[in-house]
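Report on the structure given below.
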Amino acid sequence: MVKLEEISIPNCRECIHFKKIWGEIKNDFPYVEFREYDGLSPEGQELIQKYGILAAPGIIINEELFSTGAVNKEKLIEKLKSLRQ
């Protein structure tokens with residue numbers, strides 16, 4: 001199982017864009033467990049500090065920071081495919 005986590009903040013344009021991307025591709029990745037965190041919550045703040053996230057959304061894959069800010073759909077797909085077990 002691949003663990004995909006998103007740390008987002010309310011009304012963030014790039015966060016909304018990531019959700020659209022994930023909505024389009026999630027059915028291709030049944031082995032990915034997705035979880036979203038509110039960056040303003042204590043849990044979200046903890047992850048922001050742990051991974052040094054400076055822009056939203058913060059995308060963490062298997063406990064490694066994948067990207068911050070605008071997400072490249074092709075790179076995300078490539079990364080998720082590379083982790084298929």
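Taking every alpha-carbon pair in segment 9-73 and binning the separations at 5 Å intervals from zero gives 4, 17, 28, 28, 16, 7, 0 percent. Relative contact order of the chain, taken over Cα pairs closer than 8 Å and 6 or more residues apart, is 40 percent. Hey, what angle do you get for helix 73-82 against the long axis of the chain, alpha-carbon based, 0 to 90 degrees rounded to 10? Once rounded, one gets 60 degrees. Cross-link partners for residue 73 among the lysines, with Cα-Cα distance under 21 Å and sequence neighbours closer than 8 places in the same chain left out: 3, 19, 20, 26, 81. Projecting label points 7 angstrom from Cα along Cα→Cβ for residue 13 and residue 40 puts them 1.9 nm apart.
Read-outs throughout are calculated quantities, based only on the coordinates presented, and are distinct from any laboratory measurement. Since we're looking at a predicted model, the values are computed, not measured. Virtual Cβ from ideal backbone geometry, glycine too; neighbours counted across all protein chains shown.
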